[in-house]
Amino acid sequence: IFLCVSPQQEGLDDGPDFLSEEDRGLRAVNVDLQTDATLQVDISDALSERDKVKFTVHTKSTLPNFKQNEFSVVRQHEEFIWLHDSFVENEEYAGYIIPPAPPRPDFDASREKLQKLGEGEGSMTKEEFTKMKQELEAEYLAIFKKTVAMHEVFLCRVAAHPVLRKDLNFHVFLEYNQDLSVRGKNKKEKLEDFFKNVVKSADGVLVAGVKDVDDFFEHEKTFLLEYHNRVKDSSAKSDRMIRSHKSAADDINRIASTLYTLGTQDSTDLCKFFLKVSELFEKTRKIEARVAADEDLKLADLLKYYLRESQAAKDLLYRRGRALVDYENANKALDKARAKNKDVLQAETTQQVCCQKFEKISESAKQELIDFKTRRVAAFRKNLVELAELELKHAKGNLQLLQSCLGVLKGDT
Amino acid sequence: MAASSERSPPPFPDSEEPELLEDSDEEADAFTGTSISEMDSPSPDSTRPPKDIFNEPPEDIFSDPLSNINSEPQKKVDAKIPSPSSDEAVDLFSDPLDDDSEVMSSPEVQNPMPDLLNEPVEAPKSDSSSKSSSVKKAASAEMFGDDDDEEDLFKEPPKVVTKKPQPSGPPVDVFTEVKSDVKVKPQVKDDPTDLFAEEALTAPAPKPSSGSSSSRTNGVHSEEQDLFSEATVELSLDSPCNDRKNKEAVKPSVSAPAAPVASSSSKAPSKSLEELEEEESEDKFDLNISITNPEKVGDGMNAYMAYKVSTQTSLTMFRSKTFTVRRRFSDFLGLFEKLSEKHSQNGYLIPPPPEKSILGMTKVKVGKEDPSSAEFVERRRAALERYLQRVVSHPSLLQDPDVREFLEKEELPRAVSTQALSGAGFLKMLNKATDAVSKMTIKMNEQDVWFDEKIQDVENEEQHLRKLHVMVESLVNHRKELSGNTAVFAKSVAMLGSSEDNTALSRALSQLAEVEDRIEQLHQEQASNDFFTFSELLADYIRLLGAVRGCFDQRMKAWQRWQDAENMLQKKREAEAKLLWANKPDKLQQAKDEITEWEAKVTQYEREFERISATVRKEVIRFDKEKARDFNRQVIKYLESLLHSQQQLIKYWDAFLPEAKAIV
């Protein structure tokens, strides 16, 4: 199945409203974007093919290093990952929270469902089939849009970052209008990555155990460790909650269509009644599904984003902690060298390098962590307010539907 | 048809007159007398007019009645009405006619039925002497103790009687033509005993022939005959005499209701029997039953739940206005079995009790206070309450002494047979047995459009309700899951809030956790409403529809019995013919006796079939009405629960919004 959608295009089923809410929602996650006219990045279009998604990255800039003021390139997920990794690997950026990489597009579940639907086509009525198909398409579209938005958020974060926005790789990513010939990592590299991660996390525990001299960082460290775990937990729990909410909405949908069949088959007076109730359920089901979708956008996605962002902040603290340990070790080594009066110069240079590195990281890290908190609070505020407003809107809509339906039904009796 | 001429022989002098009278009755009733003169006067002059009159109706009569065994009565009535073409009559029956043409016609359909039911009641009393029929009638008389209708019936005869003299003059021709209505008389007549007996003995042979001959001599269209023969072929054995028999047999019932209908319509033309019925049920239903205080009695595996059954009523049939008894589950099953033993073969719809659940009950027996067994007990309590309410809201079942005993009597003998069989198991067995019967025997070719459609409808509906039930169950489960997951999420958010170092955000998150906690409660309540208000309603009606199918099966059984008797009679007749041919007069008498005996049986079974058809139809109509009422009430209740949920949601989120806005 090929599905071509631009994020700006109207949704198949849910219309522009759905889309715009979603877009706002996801951009909102990344609140702290200075609206800076010198560099604006967005994803203007996206194309979903069998195993890849092609994003059209659109840039508007007045920066002198770009040849034009406005241009677009086509990028794939792997290229985003390449850009992210290049940031992570760049020692220069050790003191910054590297914006988390967007998650890999995953349409497998949705595609599988669509395929299953095709197989089961014979066993259901035409209306049921069309309805199911529409639903799945809507679901597919929603995942697709989400994916697009996540990638966009990453670029916006980078573009808004005072240092990263000047990165050469980033500029190439934005401007070079051909394939960056980035390939995915091969097995060996993946294995290496795995070991690196194991070492890193073991080291992380070690480093985390070291008492920080700076109260601010000590505090941030304990906070982030706990916060990350809890946001991870909340994110998983919110996913489960929303999934069961969606299932319930699906049930209501199926109930509505069965009631409809009952209404069309029944020859007694009851048929009108069934039809009316079916109509109601059809509508409330849409609202319930929307409640679930909005909770997904405003709550689950927020938590998911901060799960990754807090991981990025943790990584920053790890790098700083590592630098601190290195610095302390260098100090010890220098002391030893002095005591033995051997290789003192070398030890002194090492010690100085470590000291510089540590201080540089600490300097930017402090500001980064303060910014992180500001962004987080603002993002939560925005999302929670919107969540509450949407919940209210939906509940009121539901209430109204129920009231008018009850009015009709009671009038009938 | 040749055979018919053999039989047609001599119309009995007695019978002639009665027949005439009878005609007059019918017509008198149907057309308020005016028609009689029309009818009769032409007949002496020429046979033509009457023929025409009958030609048209016969088409209807034969096509409809034969094809729909049950509905014949009403339809005949309708059919006849137009024949005289008197304006009055048309006016009177304008509704029924319309309905008839539409075939749907619920009011019309209902009218005749009660009458039909009464008919047998009355008949038996008068002709208790008549052999076979008396048995059945006695039974039926008991069953349908509707006094009012009887009165109606009796009121008419007088009318009839007065009119008799006039028509009696007319010639034999008319008579034979009119023949088809012959049987009416006995029932309506004042001295049915004789007539009836006569008929039983002698009528079969002459009447059929006369009927058929009349139709033929009248120059009935071939169409008619085709229709006729077709119908009969489908119905039963194909020999002409059988056909005639059928036709003849059909008629009595047909004509009988005709009179009552006419009477009722003339008395209160606008008032349908349906309405009457409703009034009746409303009057009767001054009876509130509630089941409360489920209580575990005993210990271990011998433990059982006892329920308090409280009744509140102003009905005089009970000794006091309020009383309570304690009953256990098997008592409820026992009541069901007693009722179905007595009434189900008559076509009554016995509300089925909830299923026996060994798993659920074992949990209750063994387990202490865990929520699932509490839910089980509540579910059962509510189901038993609904079951009992359905039983007592049935006007006929309420009259049953066992029902009264169940409600009133302090101690009930322990129901034993229910130990092994649960209500559902019993039903299943019953269904299986009847299914097997229906599969083994020739599939009944449904001649009654109403039943044909209704049986289909019920099957479809049951199927859809099952589907719906599965979905609602799934909704219940998902809602419970949602409730659980919301609770977990609420805790998680509370933790997140506690580790958040921005004070306002931390506060907002713990507020969110509280909101989610409350929402969890809402989901839980809603899940229980999904279940008790919606899902259980569907479960009830799936069970009830099963019981409705049971009624249809009972009707089919009755039909089968009739057909079997019909076949037997045919064989006996053939035997008689052979004996005649072989010229063995010694055995002839015995053969004749047997024929008479089987003729009586056929008549009896046929009546039974008609009666059961009428009962079933009445039951189903009543069921449909109750169903509509139940669904309406329950679904409204359900929607109100949803409404309440939404109101609460609004309240919670409204309170949360300022907290979210307060985040700085």
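Counting only protein heavy atoms and a probe of 1.4 Å, the accessible surface of the stretch A:110-179 is 54% carbon and sulfur.
Annotation: residue B:551 carries an accessible surface of approximately 10 Å², with a 1.4 Å probe and no ligand, DNA or RNA atoms counted. Report the accessible surface area buried between chains B and A, summing both sides, using a 1.4 Å probe on protein heavy atoms only, in Å² rounded to the nearest 100. Result for this pair: about 5400 Å² buried. Full extension of the chain between residue B:315 and residue B:357 gives 11.7 nm of extra length, using 0.36 nm per residue less the Cα-Cα distance.
In plain terms, chain A is cut at each of the trypsin sites (Lys or Arg not before Pro) found in a DSSP loop with at most 16 other Cβ atoms within 10 Å, and the longest leftover piece is A:212-341.
Here the gap between residue B:506 and residue B:521, fully extended at 0.36 nm per residue and compared with their Cα-Cα distance, gives a gain of 3.1 nm.
Filter A:54/A:188; B:578/B:601; A:298/B:661 down to the pairs with a C-alpha to C-alpha distance above 18 Å, please. Pairs exceeding 18 Å: A:54/A:188; B:578/B:601. Here each label is just a point 7 Å from Cα along the line to Cβ, and for residue A:65 and residue B:296 those points are 7.7 nm apart.
Among the listed pairs B:572/B:618; A:126/A:283; A:200/A:336; B:557/B:584; A:131/B:618, those with a Cα-Cα distance over 31 Å are B:572/B:618; B:557/B:584; A:131/B:618. 3J(HN,Hα) couplings calculated from phi for the stretch B:332-342 with the Karplus curve 6.51 cos²θ - 1.76 cosθ + 1.60 (θ = phi - 60°) are, in sequence order, 5, 5, x, 4, 4, 5, 4, 5, 6, 4, 7 Hz; Gly and Pro show x. Taking a ≥ b ≥ c as the square roots of the eigenvalues of the Cα gyration tensor, the stretch A:209-412 is classed as prolate, since a/c reaches at least 1.5 and a/b is larger than b/c. For residue A:264 and residue A:111, a Förster radius of 35 Å and the Cβ-Cβ distance give a FRET efficiency of 0.60, rounded to the nearest 0.05. Checking every one of the GluC sites (Glu not before Pro) in the stretch A:120-167 against DSSP loop status and a limit of 12 other Cβ atoms within 10 Å picks out no site at all. Taking 18 Å as the limit for the C-alpha separation, the pairs B:454/B:625; B:338/B:625; A:221/A:332; B:321/B:342 exceed it in the case of B:338/B:625; A:221/A:332; B:321/B:342. Rolling a 1.4 Å probe across the protein heavy atoms gives chain A an accessible surface of 49 Å² per residue.
The values are calculated or read from the model by the stated rules, or taken from the named source; none is laboratory data. Not measured: the values here are computed from a predicted model. Heads up, the Cβs are rebuilt from the backbone with ideal geometry, glycines too, and the neighbour counts pull from every protein chain shown. Side chains included, ligands, DNA and RNA excluded: accessible areas come from the protein's heavy atoms. Shrake-Rupley method; radii C 1.70, N 1.55, O 1.52, S 1.80 Å.
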